[in-house]
Every structure is written in C-alpha cells, then in structure tokens.
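Reviewing the structure listed below.
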Amino acid sequence: MSEFIQNNLSRVERLNLMRKLLIDMDKGLISPAEVKERFKKILENVHPAEIAIIENILIVQDHFPQEKIHRLCDVHIDIFRESLESQEINVQKSHPLYLLYDEHKKISEILGMVMKIASSIENNKNVDAVTKILEENLPVFDSLFDIENHMVREENALFPFLEKHDVVQPPQILWNEHDSLRARLKDLRGYLNKASNLNNQEIDELPNLLKYIVDLKTSHIYKENKILFPTALDKLEEAEWDKVWEGMNEIGYAKYTDLSLVKEIGKIYKKKEILEDRYTYLESGKFTLDELNALFETLPIEITFINKDDIVQFFNRGEKRVFVRTKTVLGRTVQNCHPPKSVHIVNKILEDFKSGKRNVAEFWINMQGRLIYIRYFAVRDSLGNYLGTLEVTQDVTDIKKLEGEKRIYSEE
C-alpha cells in the first residue's frame, strides 16, 4: 500500500483495516509486534473514540465474546499507545470532567506512596517492623480505599451517558477493572485487620499485593485519561454534562477531592428539577407529588422499579443507602447497572419472572459487617401480565437482634 493511499484512507476504511488486524492477531496469524508496525502505517493521529468503535464492531458484527475483548484491550491499547501519548485533552477547570482528571493526579500520588510502603515492607520483613509500617501509613490506606468513591461516581454518573451514545465496551471493560481492584482492596483490608498477627508467608505476599494494586490502577488511569475521557468529551452534549454533574453531586466526593474545584464547577453546572404540587390519584387514595416523593424517601427500605423492557424507571433515595443510585440510571437497562460478572443472574431472574415461573427471588449478603437482605418481586397487573420487577433492599442487621417485646413509646 503506497504512502499516498495510506494517508488518504477514509475513516471507515481505517477502522476496517484496524479491526482485521486485531482479528488476525487474536487468531495467532500475526504477532502484536507486527500489528504495531502495520498500525503505524495506517494511523495518523487516531482519535481515542475509534478504539471504542472498534471494540463495539468486534462484538456486534464479529460476535467476539466480551471476555475476549477485555483480554485484547491491554494489547491493542499498547499498540495505540504511541498515538495516544501525543494527544493532549484540553478541558476547562470549570468542566465536570476536569475534576475526574484532577482526582487521577491525586490518586497517582497515593499510588506512589503505596509503592514506597511496599518497598519498606520488602526491606523490613519481620512482624514488628511491618506492623509499625502499616500503622504509620493508615491515612494512606484510608485514601487508597476512598478510590471506591471515584469509581462509583464514574459508574453511575458518567458511564450511562456513554452507553446512550453506543460507547458500551470501554465502560464495561473499565467496570470489570473496578471490580478487580475492589477485590484486591478487600484482600488488603484483610491484611490490615490482622496487621500485628501476620505470618511470614503473608508478609512476603503483602508487597506483591500492594504492587499489583498500583499497577492495575495506574494502567486503568491511563485508559480513562487517554480513551474514556476524550471519548466522553467527543460524544456528550452540554445538557448531558449538566446531568453528569448532578449525579456526581448526589454521590458526594472523596477525601482527596479538591472541594474548591467542586465549588467552581458548581457555579456553571447547576440544575434543580422543580416538582409541582398536583395530585396523583391511586386506587386507594391520592398524593401530591411532594407527598409522594417524601413518602418514598422516608421508607426504611431501598426500592427500584425496572419496567417490562428491563429499563430502570424509578428508585427512592433515602438518607442512608446501601447501594448508590443516581438519576443517571433512569432510562438505562438494568443489565448495564450491574457488574458484567453478575449480569447472567439478573437475566435469569427476569426470564423466570417474565415466563411466570417465579414471582420472588431473594438473596442476603454480608457487607462491611452488615447483613443486607435483597429481594426481587415480579410486578403484575390484575390479569397477571408482567409489568416489571421491583427490587427491595434492606439492612436487617439490627432487626435480627430484636428480642422479646417493646410496647411502650419512649424517648430513646
């Protein structure tokens, strides 16, 4: 292929060539090194959004399994790396995305401190020394665990809008990485909880765990900064960023978030939905919208309604929630509101409800020392037609402790 033809390929032709090379690489017909060389001849200042398009084509048109796309992701990111490195994303400090970029800088600083902790443990492999190192660095670990807040905001405030623009695979891949990081952070909590009683094997394992966390999150930040965020800037409209910002505010911020930035961005991105006082009539009564909204917010349980088309249509927002929800989930398929590894369970429940095989599904889990009871109910009309599914979540830890009776009102 001549240089003239290479530089004058249409966007579609470039995408198809890139797609074919990735397919050939997956089949073992060509090595990653060869693919990288050929990409250099095809690509010139590729936009990060094209990576998302390729991934979507591979799944929709070529029927690649999602798991295979996830495994390929690191390989083709490496192939694109030189092109991506040359691209700088210009985003104003008054934009919601700037806050996520800024948090990545803070997280990278935390990861640097974690790497130093790993080195210190490697150089002082006895229980007393390791215990002291861990105790002295508890503030660092607290900040590390607070990465959860950043991930939840991305999953609930940003990912839904990318999906609306058919950018599906990058969020799915990154959500999988979020879950992998969560699993490793859970392992780390286990080590910290028994810091003074670690055995020799655990002391040997701990630095490797810390380094794995650092490597995983560092690679993850690169993918978001170079692919996800530029794609979001390219795809989302201004009105959608307003809703992204609203969702981020609903969730709240991390210990390392620059609150002065939050204040600055909030001056521009602010919108409040106003509910009118008009009655909504039900079969056994009526409510104003304010009353109905307040009733749902007061319920001591979390409820979410998914309509017959698997679309999230409603959820209540109590003061103390077990699972984070923002209004960005509304209109989103329930499958995209769950980690990829649990989607098959969601689909099985919905399938049984729709077929009439079952009307209830229930689970209970231990989460941070609390017992969480989760139930799903098929919602049907008077003729038994399926209308949707109601999810009910309740913290039953204190309920399980009840004994005897309490029949007198007190000031407690």
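Across q = 0.12 Å⁻¹, region 96-266 modelled as identical point scatterers on its alpha-carbon atoms has Debye log10 I(q)/I(0) values of -0.59, in the order of the q list. The modelled label-to-label distance for the pair Ser196/Lys211, using points 7 Å beyond Cα in the direction of Cβ, is 3.0 nm. Each semi-axis of the equivalent ellipsoid for region 90-172 is √(5λ) with λ an eigenvalue of the Cα gyration tensor; in descending order they amount to 35, 14, 10 Å.
Obtain the radius of gyration and the Kirkwood radius of region 205-253 from its C-alpha atoms and give Rg over Rh. That ratio is 1.19, to two decimals. Between Arg380 and Asp179, the C-beta separation translates, for a Förster distance of 30 Å, into a calculated FRET efficiency of about 0.35. In this structure, Leu138 and Asn90 have a Cβ-Cβ separation that, at R0 = 45 Å, corresponds to a calculated FRET efficiency of about 0.75. Centre-to-centre, using Cα atoms only, region 131-197 and region 306-325 are separated by 22 Å.
How would you rank Ser410, Ser120, going from fewest to most other Cβ atoms within 10 Å of each one's own Cβ?
On the way: Ser410 5, Ser120 17.
Ordered from fewest to most neighbouring Cβ atoms within 10 Å, Ser410, Ser120 come out as Ser410, Ser120.
When N counts the residues of region 332-384, how does its alpha-carbon radius of gyration compare numerically with 2.2 N^0.38 Å, as a ratio? Walk me through the numbers before you get to the answer.
On the way: Rg = 13.1 Å, N = 53, 2.2 N^0.38 = 9.9 Å.
This ratio for region 332-384 stands at 1.32.
Over 25 Å apart at the Cα level, from the set Lys116/Lys194; Lys211/Lys255; Lys93/Lys211; Lys106/Lys164; Lys116/Lys320; Lys308/Lys341, are Lys93/Lys211; Lys106/Lys164; Lys116/Lys320.
Treat the count of other C-beta atoms within 10 Å as a stand-in for reagent exposure and order Asp395, Asp290 from fewest to most.
Asp290, Asp395
With the highest mean first, a sort of the peptides 172-182, 134-144 on other beta-carbon atoms found within 10 angstrom per residue produces 172-182, 134-144.
Here Gln313 and Ile399 are evaluated by their C-beta separation; at R0 = 35 Å the FRET efficiency comes out at 0.80.
Across all C-alpha atoms in region 299-401, the radius of gyration and Dmax reach 13.9, 42 Å. Between Phe363 and Phe323, the simple spin-label model (points 7 angstrom out along Cα→Cβ) gives 0.7 nm. In this rough spin-label picture, where each label sits 7 Å from Cα along the Cβ direction, the Phe287-Thr218 distance is 5.1 nm.
Where a number appears in this text, it was derived from the coordinates with a stated rule and is not lab data. The shown structure was predicted, so the numbers you read here are calculated from the model rather than taken from an experiment. In this analysis, Cβ positions are derived from the backbone assuming ideal geometry, glycine residues included, and neighbour counts consider all displayed protein chains.
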